[in-house]
Structures are given as C-alpha cells and as structure tokens.
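Coordinate-derived values only; no laboratory data. Quantities reported herein were computed from a predicted structural model and do not represent experimental measurements. Cβ: placed from backbone, ideal geometry, glycine included. Neighbour counts: every protein chain shown.
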Amino acid sequence: MNNNNVIKQVAIYLRKSRDDGDYEDVLSKHRDALVAIANAKGWKYKCYEEVMSGERLIYRAEMQKLLKCLDENLYDAVLVIDIDRLGRGEPKDWGVIKDTFLTSDTLIITPNSTYDLWDEKDDMTFDFKTMLAKYELKKIKERFRNGKIGGAKKGMWTNGSPPYPYIYNREDKKLDVHPEKYRIYRLMMEKYLGGFNLLQIADWLNEEKIPTPYGGKRNKHGWSSVGIRRLLINEIHLGYIIYGRTRNYRGNFQIINKDEWIKVQGDHQPVKTQEEHEAILAKLAENTLQPNRSKAINVAPLSGLLFCSKCGNRMRIKRRKQNGEFVWSTMCVHVNEDGSTCEQTGRRLDDEFNEAIYKRITKIDQESVQTVNEETMRLQEARALLQSKNDELSKTLKAIEKLIELYEEEMVTKQQFSQRKVAHENSIIKIKRDIEKYQIIIAGSKAGVTVEKIEDRIGKFKSVWEKTANNAQRNKAYRSIVHKIIYDRGEDGKVILRVFYK
Ligand SMILES: [Zn+2]
C-alpha cells in the first residue's frame with residue numbers, strides 16, 4: 001500500500017488496556033514507539049492520551065475529541081498500538097468509531113499494518129479484531145461477576161449512603177424506609193407520572209423546603225432535576241442491591257458499564273413497583289428522545305468506489321464545509337515512487353456529477369458492453385494461456401526425467417547433462433511465474449458477467465434507489481452493482497468514467 005506517502009497529519013491515540021499493568025509505564029512506552037514511527041515517516045502528529053480509561057465511549061474524553069477532529073478531516077491517519085485500543089468491546093461504540101473512520105476516509109496505522117476500511121480485506125480484519133475485543137470484554141465481565149457476587153448476594157448494604165427515602169440500619173446492616181421521606185418520594189413519582197417534568201418537581205420540592213437527600217456541599221443548591229432523575233430510575237427502589245457501578249482499578253476510578261453491574265434481590269422493602277419503574281423509563285425516553293442523526297449519512301454516494309485512471313489507486317473522497325454547507329470532492333493523493341504526485345485532477349462531487357454518475361451506471365452503453373466483453377475475453381484468454389503453461393510445465397518436467405535417463409545410460413556427458421538441466425530448471429521458474437500471473441488474473445476477474453445479467457440488476461438497483469433517503473443508502477445501492485469506477489479527468493476538464501459492474 002502506498003498510502004504512507006500521502007500521509008501528512010496523524011493523530012496518535014493512547015489508551016491502556018486492562019491487562020497492561022502499571023498505567024504510566026505502559027503508556028509512555030507506547031507513546032515513545034508511536035512517536036518514533038511518526039518522526040521516522042516525517043508525519044506531523046498530535047497525541048490523544050486517555051487519562052481516565054472509561055468503559056464506554058462517552059467516558060473517553062480524548063476519543064471523543066479525536067472523533068470530532070476526524071469528522072472535520074483534520075487527520076490523514078490515526079496511529080495506535082493495536083486496533084483494539086480504539087474501542088473497548090461495546091458493539092455500539094465500535095459502530096460509531098468505524099463510521100467515523102469510513103466517512104472521514106481516515107486510515108488506521110499500527111506498527112505492523114495500515115488499515116483502509118474502504119478496503120474489503122482491511123475491513124474484515126478490523127471487524128475480526130473488534131469481535132475479539134467484544135469476546136474479551138464478555139470474559140472479563142464473567143470473571144468479575146463470579147468473583148464479586150458472593151458478598152452482594154447476602155443482600156447486605158455495603159455501598160455507603162443509601163438513596164432517598166432509605167436510611168441505613170447499622171445494627172443489621174440493612175436498609176430501612178424512612179416514613180416521611182417515603183411520602184415525599186411517592187409524591188415525586190406520582191407527580192412525574194402525572195405530567196410534571198423534572199425541573200417542576202425540583203422547584204416544588206425547593207419551594208416546600210423539603211430537606212435534600214444529603215446535607216452539606218452535595219446539595220447546596222437544593223433539589224436538582226438531575227438528582228431527581230437519578231432517584232426515579234434507581235433500581236434499588238425496586239428492592240435490588242446493585243453492586244459494581246464503579247470500581248477502583250489500580251488507583252484509577254472507573255465507571256462501570258451498566259451491563260456489568262451485579263443486581264441481586266436485597267432484603268429491603270421496595271418503594272416502587274416494576275410497572276411504575278417502567279412507566280418512568282418510558283416517559284424519560286420520550287422526553288429525551290433526540291433525532292438520532294446517523295453518522296453514516298455523511299458518506300458520499302460514491303465513497304470507496306472511485307479509482308484513479310492514471311495510477312490505479314483508490315481516490316480519496318473528502319468532505320469539507322463551505323459557506324456553512326458540506327461539499328464533497330474527490331482527488332487522487334497518490335505519490336509516485338519518484339516523489340512526484342499523481343497528475344490526476346480532482347473534482348467537486350456536486351449534483352451535476354452525481355446525476356451524471358447515476359445516468360452512467362443505469363444505462364448500459366456501448367462502452368460498458370465493451371468492458372464486459374473485454375473482461376470476458378481477458379478471462380478466456382487467461383484461461384487458455386494458463387492451460388498452455390500447465391502443458392508446458394509437464395512437458396519440461398518430462399524432459400528432465402528423460403534427461404536423467406539419458407545421463408544414466410551414459411548417452412550424454414556430465415557437462416551436457418548439467419547444462420541442459422539448468423536450462424530446464426530456468427524455464428520451470430519462468431513457467432511457474434506465468435502460471436501464477438494467469439491464476440491471479442482469473443481469480444480477480446468477474447466471471448460470468450453478461451450484459452443481460454447487468455440489465456437485470458440495474459432494474460433492481462433502480463427500484464432500490466427510489467427508496468433511498470440518504471447518502472449511506474445510496475452508497476450501499478451503488479455498491480450492490482458496481483465493483484469500481486475508473487475516474488479520469490482530461491485537460492479539457494471533462495471527466496470520463498468507466499464503470500466496472502459486479
Ligand atoms: Zn492517481
């Protein structure tokens with residue numbers, strides 16, 4: 001892969017994993033290694049170092065910052081010790097990370113490899129690595145659960161101050177319900193389910209001068225909507241004891257993902273029913289429901305499909321903001337071996353271009369027919385040549401056998417024998433090289449593509465296309481029929497596209 005040549009700006013992302021041992025020590029080793037790579041390649045870099053190693057993306061501030069910068073196309077690549085450092089195993093997080101790398105067309109570089117997620121092979125490797133990370137996380141969860149569940153199972157309260165309206169009973173180490181607080185708690189819940197919002201409930205509690213759950217600094221501003229929300233969704237009020245919401249891991253405070261919590265039936269009295277709990281959750285979800293803008297929408301319709309006619313490399317498709325609007329453009333950033341950049345001229349991927357490409361793809365013209373025919377001919381030719389090379393190989397092998405016989409029967413001199421043997425062996429090397437070449441051509445060619453088949457698929461493609469609502473869906477539709485599109489822009493500015501169908 002020649003991508004290394006076009007990389008100028010990289011981000012170095014550092015995060016320790018659970019098994020790394022001493023935090024500082026490991027991270028500085030990683031930092032040194034990655035910085036050395038960036039320096040050796042002459043890349044400009046910025047380090048993103050996760051101080052808190054949170055479980056989920058939302059707790060990883062540096063990753064959040066990094067993803068935002070990727071969205072703005074600030075980096076050509078992200079340098080990490082291993083792919084699994086990017087995520088932690090949460091499938092949803094991996095989805096967000098992958099989307100961001102794809103849509104921003106950013107490479108992932110590890111000390112051993114470069115990954116371009118638009119490349120199918122790299123994409124598979126990435127998915128495999130993330131699968132491993134997910135599996136690891138599951139194992140860790142199980143270990144944690146098995147080790148710690150014993151104490152929590154007894155139903156004893158070990159978690160410090162209990163939530164309102166409970167109070168801690170020191171004698172039997174259990175939770176009791178405080179009668180007056182219970183009355184307030186029930187009112188809170190009824191008001192919420194009756195249509196009050198969290199802020200209105202906080203105001204009401206403050207106006208009524210109801211003492212806050214905790215004294216001192218923690219509640220110096222009185223009741224807050226955040227605090228009330230936390231009380232309303234708490235599962236302790238259902239009669240459970242929750243264990244393992246946070247943990248101290250080698251001196252680092254960690255917030256634990258909800259899936260990893262241990263929830264057991266406690267000995268205390270529930271203060272809300274399961275139905276009430278679910279009604280609260282439903283109402284909260286309704287109120288906090290935000291339009292979930294999928295990142296994938298930021299893909300260009302042609303992302304991953306355009307290839308440069310001049311150098312054969314995949315063209316980059318980048319998005320940038322212009323006059324408050326996003327515009328897409330494509331360019332070839334390939335650097336030739338002599339250090340010169342590819343001469344291909346890029347282009348804005350505007351409506352005009354998109355319309356042209358749609359027309360180009362949905363209409364099988366003479367050129368496409370020719371492309372298909374050429375491909376078929378190329379395949380036939382390669383097969384014929386492979387056959388003849390195989391024949392040649394077996395002939396040569398037989399000739400060597402014959403030569404040995406002749407030598408054994410003393411029909412040829414030792415010198416003659418050696419000379420002919422060397423000649424045969426040399427031609428075997430050459431034949432084998434040719435065989436490999438034709439095998440590669442055959443393996444890479446789209447066997448069985450016919451004009452009829454393409455027409456049939458274009459029909460299906462058109463009906464899928466009509467239902468697409470965003471670029472991600474359009475990209476998927478294109479990918480369903482198009483293998484790649486060769487882009488060429490002449491000196492007159494005209495773009496010539498050659499479509500290769502799947
Ligand atoms: Zn090029």
Item to check | Violating pairs (Cα-Cα greater than 25 angstrom) within the set Lys437/Lys502; Lys174/Lys209; Lys41/Lys432; Lys46/Lys68; Lys359/Lys476; Lys129/Lys484 | outcome: Lys174/Lys209; Lys41/Lys432; Lys129/Lys484
Item to check | Lys173-Ala282 FRET efficiency (beta carbon distance; Förster radius 30 Å; 0.05 resolution) | outcome: 0.30
Next on the checklist: Using the Karplus curve 6.51 cos²θ - 1.76 cosθ + 1.60 with θ = phi - 60°, what ³J(HN,Hα) values do you get for each residue of the stretch 92-106, in whole Hz, with x for Gly and Pro?
Outcome noted: 5, 4, 4, x, 5, 4, 4, 4, 5, 5, 5, 5, 8, 6, 9
Checklist outcome for this item: Listed with the fewest Cβ neighbours within 10 Å leading, Tyr501, Tyr115 appear as Tyr501, Tyr115
Checklist outcome for this item: Sorted by chain and number, the residues with a modelled amide H under 5 Å from that of Tyr240, at a separation of 5 or more or across chains, are Gly266
Next on the checklist: Run through the stretch 402-502 and list the GluC sites (Glu not before Pro) located in a DSSP loop whose Cβ has at most 15 other Cβ atoms within 10 Å.
Outcome noted: Glu409, Glu410, Glu491
Checklist entry - Peptides 73-86, 270-283: what's the order by average Cβ count within 10 Å, highest mean first? => result 73-86, 270-283
